[in-house]
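As structure tokens, the structure follows; a few thoughts come after it.
What follows draws every value from the coordinates through simple rules; no lab data is involved. Everything quoted here is computed from the prediction, not taken from an experiment. Please note: Cβ atoms are built from the backbone with ideal geometry, for glycine as well, and neighbour counts cover all protein chains shown.
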Amino acid sequence: MRNRNFVRFLLVTVVAAVLACAPAMAAQAPHAMVVSESAQATQAGLEILKKGGNAVDAAAAVALALGVTNAGSCGLGGGGFMLIYMARQGQFFALDFRETAPKAATADMYIRNGHPNERLAVVGPLAVGVPGQVAGIRDALKRFGTMTFQQVAAPAIKLARDGFPITSLLAGEIAHNRNYIAAEPEFAKVFLRPDGSAPPADTVIRQPELARTLERLGNRPAENFYHGEIAREIASYIKSQGGIITTDDLSDYRAVWREPLHRAFQGNEVYVMPPPSSGGVLLEMLGMLEPGHLPGLGLNSPPYLARLAEVMRQGFIDRALYADPAFVHVPLQVLLSPKHIDEARRRALHHNTLAPRIAPAHDHGTSNFCVVDKDGNVVALTTTINTAFGAKMMVPKLGVVLNDEMDDFAVAPNVPNVYRLQGAKANEIAPGKRPLSSMTPIIVVSHGRPIMTTGGSGGPTILTGVLQVTLNILDFHLGPEQAVTTPRIHEQASPDIIFAEAAIPEPTRRALSEMGYKLKVVPHLGAVNAITIEAGNLHGAFDPRKGGGVAGY
Ligand code: GLY
């Protein structure tokens, strides 16, 4: 008996200790806030805000720090989208620093012996798109920042040089990709233990080459990354591995300022990234849902989830028309017109077919974060190297992990990519073209003032995750903590199947099956973080599915 009590005491003590160590997933603060998928990257942003930097300075610091702490998800070898609200101007800005296809890329570059070889677009040198991260951070700082590149890079440099304890997320990504990492000695030196095994969570890793690269970028980061020695090192490494990116590809890379898309929803205005993001699909899905009284259906009730699934399916059918607007006319005026949204809604409400059983979409790389500063400026930024550890290549001398963003193109017509998204003609590969993305950072305003910002990671589940969290906040009036934690579903038309998180109660799943839906239960669907914004009260939460950090002052 005494033994049993002692064991119980030990268990309670251990659980209490674990809970005490786990960072709170939500926080409130009066002036400024950062939420990201890394506790250290959040602190990097907070440090910059406290030193007087604005939301754009802090966002640059968070993006660079995430490239260290979440090196399997994003970094200098990738790209992203940044949605900015500048309070003084009362205006929105969208910065696209998505990777581009190299000049030597062709629509059939992954066809071998008459058959598409999708693996070439996911692993290895041909999978790499021309990185946009450094150009994006430089352009954002140049237009709206108040600090130098080295000032905002300082926390990332310290993390890379001094090291940090890896999270279970990064430990899992390393373990999953151990064989690829082990194949390159410099890559292995950073991410594996001396005996070649994958390090467990909490192991401290250091990235001295990456720290040095961040320093070498100086205060002319784009000039130094895309021209000169660093560009030559990137191009010659890729060439030595059989890739096609050249110094010309790097020197011609440009980030692009774009006009954000926006649409009314429940008396608010929702701002999203335009193509090559598929943010417009989110607006279309919200448009289809707007006339229905969703709270009347009940949060996550079977009829509510069925309606979401139908609307998601219609949205993803139209996603096939989205692509890089420099190459393809995306008919946004039609897709976001009340007539088209009414028709899509009618189709959504009357569709119900059984679907074949197909493997689920998996959660991979990518990272989202949101920043609000004391002046009311807001940044929502999603950044990626695509799947975990991108092309599974690191430029040895630079410590830069290279993306596999080429897989976000249609590898070949009607060939599904790693996320099971069917390849559409609009998104076929062409030199200099940007691949279609699901990354959807958003900011919502009411009466001209931001009231919330959110975004996510997890391939196509970004769109549906951001949709559900937005509805949870705007329609169901949940706080960000509950909004991001509430179990989610995902439907992307092809495969025509509802992916349901295991946390959706069994009776609900059964009710959906009885309605005729094919369900696939998955542990979790992506990760979404969010901040709600009221005067003097910022409230943020990260997603426990992936972990992270939230902090403010
Ligand atoms: N690489 C994931 C996305 O951009 O959708």
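Could you state the principal axis extents of the C-alpha atoms in segment 206-281, from the largest down, to the nearest angstrom?
Projected onto the principal axes, the Cα atoms of segment 206-281 cover 53, 28, 24 Å.
Using 0.36 nm times the number of residues separating Thr106 and Arg449, minus their current alpha carbon distance, what extension gain do you get?
My answer for the length gained is 119.0 nm.
Work out the charge dipole of the chain with +1 on the Cβ of Lys and Arg and -1 on the Cβ of Asp and Glu about the Cα centre, then indicate which of Ala222, Ala32, Met288 is farthest towards its positive end.
Checking the options against the dipole of the chain, the answer is Ala32.
In the chain, which helices (entire DSSP H runs) extend 27 Å or more along their own long axis, judged by Cα positions, while averaging at least -0.5 on the Kyte-Doolittle scale?
Both cut-offs are met by 2-21.
Which whole-Hz ³J(HN,Hα) couplings does segment 255-264 yield from phi under the Karplus relation 6.51 cos²θ - 1.76 cosθ + 1.60, θ = phi - 60°, glycine and proline marked x?
Going residue by residue, I get 6, 10, 7, 10, 7, x, 8, 8, 7, 6 Hz, with x marking Gly and Pro.
Using the Kirkwood formula on the Cα atoms of the chain, what hydrodynamic radius do you get, in angstrom to one decimal?
Evaluated over the chain, this radius sits at 23.4 Å.
Among the listed pairs Lys103/Lys158; Lys189/Lys239; Lys103/Lys189, which have their C-alpha atoms separated by more than 29 angstrom in this model?
Lys103/Lys158; Lys103/Lys189
With a 10 Å radius around each residue's Cβ, average the other Cβ atoms per peptide and rank 198-210, 306-318, highest first.
Going from most to least packed, we get 306-318, 198-210.
For Ala502 and Lys142, compute 0.36 nm times the residue count separating them, minus their Cα-Cα distance, and round to one decimal in nm.
125.1 nm
Hey, got the dipole for the chain? About the Cα centre, +1 on K and R Cβ, -1 on D and E Cβ, debye to the nearest 20?
My answer is approximately 680 debye.
Short version: ³J(HN,Hα) in whole Hz for each residue of segment 534-548, in order, from phi by Karplus 6.51 cos²θ - 1.76 cosθ + 1.60 (θ = phi - 60°), x for Gly and Pro, what are they?
Ordered by residue, 3J(HN,Hα) equals 10, 4, x, 8, 9, 9, x, 8, 9, 8, x, 4, 10, x, x Hz.
Taking every alpha carbon pair in segment 451-524, what does the distance histogram look like in 10 angstrom bins from 0, in percent?
Per 10 Å bin, starting at zero, the Cα-Cα P(r) for segment 451-524 comes out as 19, 48, 30, 4 percent.
Please list, short to long, the whole-number percent of alpha-carbon pairs of segment 61-160 in consecutive 10 angstrom bins beginning at zero.
Values per bin, smallest distances first: 13, 35, 28, 16, 6, 1.
Using every alpha carbon pair in segment 410-509, what percent of pairs falls into each 10 Å bin from 0 up to the bin containing the largest distance?
Percent of Cα pairs in each bin: 14, 36, 29, 19, 3, 0.
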